[in-house]
Amino acid sequence: MANQNLKKQVINIISGHRTGVFSSVENNKPHSRYMTFYHEDLTLYSPTQMDTEKMDEIEKNPHVSVLLGYEEKGQSDSYVEIAGTCSINNSETLKKQFWNESFQQWFEGPMDPNYVFLQVQPDVIRILNRNGEPAQELTLGN
C-alpha cells in the first residue's frame, strides 16, 4: 500500500510539470537538456525529431535520467528524479494524442515521419525535497 501512495504522489508531481531536464549519455559523459514531457501512468513521453543527436546517444546507451517538478521557489518544491530506459516510440496514436499546434515550428503535422517520442520507462523514481523529509524511492524495474 505504501508503494501505491508513493505512486500517487509521483503522478501528482509529474502531472503538474510539463518541462523537465532529460539527461542521456554522450561520449561516456552526461548530456542534459530541457524537454517537454507527457505521461501515461508512470511512463514518460517527450516529443522530438528523429534526426537529432539524442537518437544516436540513446541508440548507444538507452539509460537516461529525468528531473521534473522543481519550480522557481525551490526551497520546498517537491520534485522527482527518474532513472529509466529510453526507447523511440513512433505510434500514430501517441502522435495524435499529444500533438500541439506549437509543434508546427518543427513538424509538418502529427503524421510527419520526423516527429517521434522518446519513451522513458522508469526503473527507479525518487521523490525529493518534501518539506525536509528524506527522499522516498519507488523501484519499478531491474
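The values are calculated or read from the model by the stated rules, or taken from the named source; none is laboratory data. None of the values given here were measured: they were computed from a predicted structure. Backbone-built Cβ (ideal geometry, glycine too); neighbour counts: all protein chains shown. For accessibility, only protein heavy atoms count, side chains too; no ligands or nucleic acids. Shrake-Rupley method; radii C 1.70, N 1.55, O 1.52, S 1.80 Å.
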*Using a 10 Å cut-off on Cβ atoms, rank the peptides 116-125, 98-107 from the highest mean neighbour count down.*
116-125, 98-107
*lysines with Cα under 25 Å of LYS60, excluding same-chain neighbours fewer than 8 positions away*: LYS29, LYS95
*Pull up the cross-link candidates among the lysines for LYS8, meaning alpha carbon to alpha carbon under 25 Å and not fewer than 8 places away within one chain.*
LYS73
*With r as the distance between the Cβ atoms of GLU101 and ASN61 and R0 = 30 Å, compute the FRET efficiency 1/(1 + (r/R0)^6) and round to 0.05.*
0.35
*By how many degrees, between 0 and 90 and to the nearest 10, does the Cα long axis of helix 2-15 differ from the longest principal axis of the chain?*
50 degrees
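Would you compute, from DSSP H runs of 4+ residues alone, the mean residue ellipticity of the chain at 222 nm, taking -39500 (n - 2.57) per run and dividing by the full residue count, rounded to the nearest 500?
-5500 deg cm²/dmol
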*For the range 1-139, what are the per-bin percents of Cα-Cα distances with bins 5 Å wide, up to the bin holding the maximum?*
2, 10, 19, 21, 18, 15, 9, 4, 1, 0
*According to a simple spin-label model (label point 7 Å from Cα along Cα-to-Cβ), what is the distance in nm between LYS8 and THR52?*
3.4 nm
*In terms of Cα to Cα distance under 19 Å, which aspartates and glutamates are near enough to LYS54, apart from those fewer than 8 places away along the same chain?*
GLU26, ASP112
*asked:* With the cut-off at 1.5 for a/c, could you classify the range 1-40 from its C-alpha gyration tensor as rounded, prolate or oblate?
replied: oblate
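Using a 1.4 Å probe on the protein chains only, how many percent of the accessible area of the range 1-139 belongs to carbon and sulfur?
46 percent
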*asked:* So if I place +1 on the C-beta of Lys and Arg and -1 on the C-beta of Asp and Glu, and nothing else carries charge, what would the dipole magnitude of the chain be about its Cα centre? I want it in debye, nearest 20.
replied: 380 debye
_Computed FRET value (nearest 0.05) for GLU40 with GLU108, which takes r as the C-beta separation and R₀ as 25 Å_ = 0.50
